[in-house]
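Down below is the structure, laid out as structure tokens.
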Amino acid sequence: MLTVPEGRPTICSIDLEALRWNFRQIKRKVGPQVKIMSMVKANAYGHGAVAVAKTLADESSDAFGVATVEEAVELRQAAIRQPIIVLAGAYVKQIGQFLAHQLTPVIHDLKTLRSFEAALKSGAANLAVHIEIDSGMGRTGFLPAEIDFWRPEMQKLKALRIEGVFSHFSDAETLNEAYSEGQLQTFASVIAALRNAGINPDLVHMAKSAALLTTPHSHFSMVRPGLALYGIYPSPLLSEQIALKPVLSWTTRILQLKRVPAGTCLGYGRTFVTKRESLIATLPVGYADGYRRLFSNRAAVLVRGCRAPVAGRVSMDLTTIDVTDIAKVQQGDEVTLLGRQGDVKISADEMASWADTISYEILTSIGTRVPRIHINSQED
């Protein structure tokens with residue numbers, strides 16, 4: 001049974017059976033020889049990291065990717081035993097946590113490499129690491145053009161063991177994209193040079209959700225799906241490559257209904273004025289919950305299987321919608337902000353278009369005061 005907290009009805013439902021389905025489709029796509037690092041950073045893209053990681057651990061995810069040590073420790077404390085790779089920065093003062101919780105740092109630069117090696121040697125400890133190569137993303141990572149400078153340093157390591165080497169695509173949402181192919185060739189040449197120098201990482205990985213669909217020759221020994229796990233296509237064109245199921249739906253209920261005359265101003269700044277007698281519903285959700293202020297007078301929600309426009313500015317805790325054209329609306333009716341009612345749906349991509357952003361930001365911006373309720377759709 002689905003247990004919903006009593007009181008304020010704004011919740012996210014996370015369908016763990018859909019999550020399992022997506023993982024299995026990805027596994028089938030890459031084949032049994034390729035390992036999967038499931039990306040669960042940013043609270044599993046807003047889906048609840050612990051519940052998601054436990055579900056995927058049961059599906060035999062080979063590893064988990066997070067951004068910070070704090071995210072990794074949360075998973076360890078929840079009894080996640082698979083390798084956890086911390087991708088968005090390793091700091092020498094965190095070595096104790098890496099060792100205590102058996103976490104794998106990513107090293108992006110020579111200064112950090114040297115500081116980790118020195119600190120571990122002084123404590124007579126060893127640690128597996130992954131090395132990032134900047135093949136064209138332009139953020140973090142060792143530059144291929146400087147390989148003759150940093151490769152000898154890696155050959156001398158004693159306390160650090162290079163378990164993995166990886167890179168990150170800048171753009172892999174389209175098939176045969178020239179820049180992505182160039183990145184891939186650059187990365188492959190670095191891997192070959194490292195192997196020739198006696199550095200043989202067990203894990204080589206580059207493909208994120210898009211690339212694991214568009215660029216099979218980028219799979220190497222591991223892939224890093226993120227968005228696809230949660231049932232969202234990195235590009236609409238990729239829906240032809242794999243069948244995914246959305247995992248998250250975001251709902252609330254009508255707090256108040258009010259019939260107002262023509263000429264009534266709604267919300268801060270009076271940005272919406274009714275042109276007719278209107279039925280206005282107020283919802284207990286606002287930008288403090290991650291329902292973006294940019295949705296004001298742009299977005300729509302679903303009520304009784306119909307679209308209702310957001311009318312007026314989204315405020316911190318409340319949002320008003322126009323339900324004049326929807327029959328039999330009642331106080332307490334369920335309202336879908338993200339998800340499906342009958343044959344009508346609102347996707348994360350559509351929400352992103354209203355806010356001039358991307359689906360990643362929509363999902364990860366849903367606030368912590370919105371409870372995540374984890375369900376299994378086959379049972380609930």
So which of K29/K208; K208/K345; K121/K156 end up more than 20 Å apart by C-alpha?
K208/K345
Would the range 4-86 count as rounded, prolate or oblate if I go by the C-alpha gyration tensor, calling it rounded below 1.5 in a/c and otherwise prolate when a/b exceeds b/c, oblate otherwise?
oblate
Of all trypsin sites (Lys or Arg not before Pro) in the range 127-219, which ones are in loop regions per DSSP and have a Cβ with at most 11 other Cβ atoms within 10 Å?
R139, K156, K158
Rounded to the nearest whole number, the Stokes-Einstein translational diffusion coefficient of the range 248-373 at 4 °C and 1.567 mPa s (Kirkwood radius, C-alpha pairs) in µm²/s is 89
Given a Förster radius of 45 Å and the C-beta distance between N200 and Q330 as r, what FRET efficiency does 1/(1 + (r/R0)^6) yield to the nearest 0.05?
0.10
Starting from the Kirkwood radius over alpha-carbon pairs of the chain, derive D by Stokes-Einstein at 10 °C in a medium of 1.306 mPa s and give it in µm² s⁻¹.
70
Trypsin sites (Lys or Arg not before Pro) restricted to DSSP loop in the range 295-370 with at most 10 other C-beta within 10 Å
K328
To one decimal place, what orientation-averaged projected area in nm² is obtained for the convex hull of the Cα set of the range 183-305?
12.5
Return the loop-located chymotrypsin sites (Phe, Trp or Tyr not before Pro) in the range 1-83 (DSSP other than H, G, I, E, B) with at most 16 other Cβ atoms within 10 Å of their own Cβ; answer none if there are none.
none
Over 29 Å between alpha carbons, listed pairs K35/K158; K54/K111; K41/K111:
K54/K111
Determine which residues of the range 194-223 fall in the zone a paramagnetic label at Q155 would reach in this model, i.e. backbone nitrogen under 17 Å from the point 7 Å along Cα→Cβ.
194-201
Say a paramagnetic label sat at a point 7 Å from the Cα of Q256, along Cα to Cβ; which residues of the range 323-358 have their backbone N under 19 Å from it?
323-324, 329-335
Taking 1 over the mean of 1/r across every pair of different Cα atoms in the range 105-210, what Kirkwood radius in Å do you get?
14.3
With no solvent and one equal point scatterer placed on each C-alpha of the range 281-332, evaluate the Debye formula and give log10 I(q)/I(0) for q = 0.14, 0.20 Å⁻¹, two decimals.
-0.31, -0.63
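Readers should treat all values here as calculations from the given coordinates under stated rules, not as data from a laboratory. Bear in mind the structure is a predicted one, so any value in this text is a computation, not a measurement. A quick note on method: Cβ atoms are made from the backbone with ideal geometry, for glycine too, and the neighbour counts reach across all protein chains shown.
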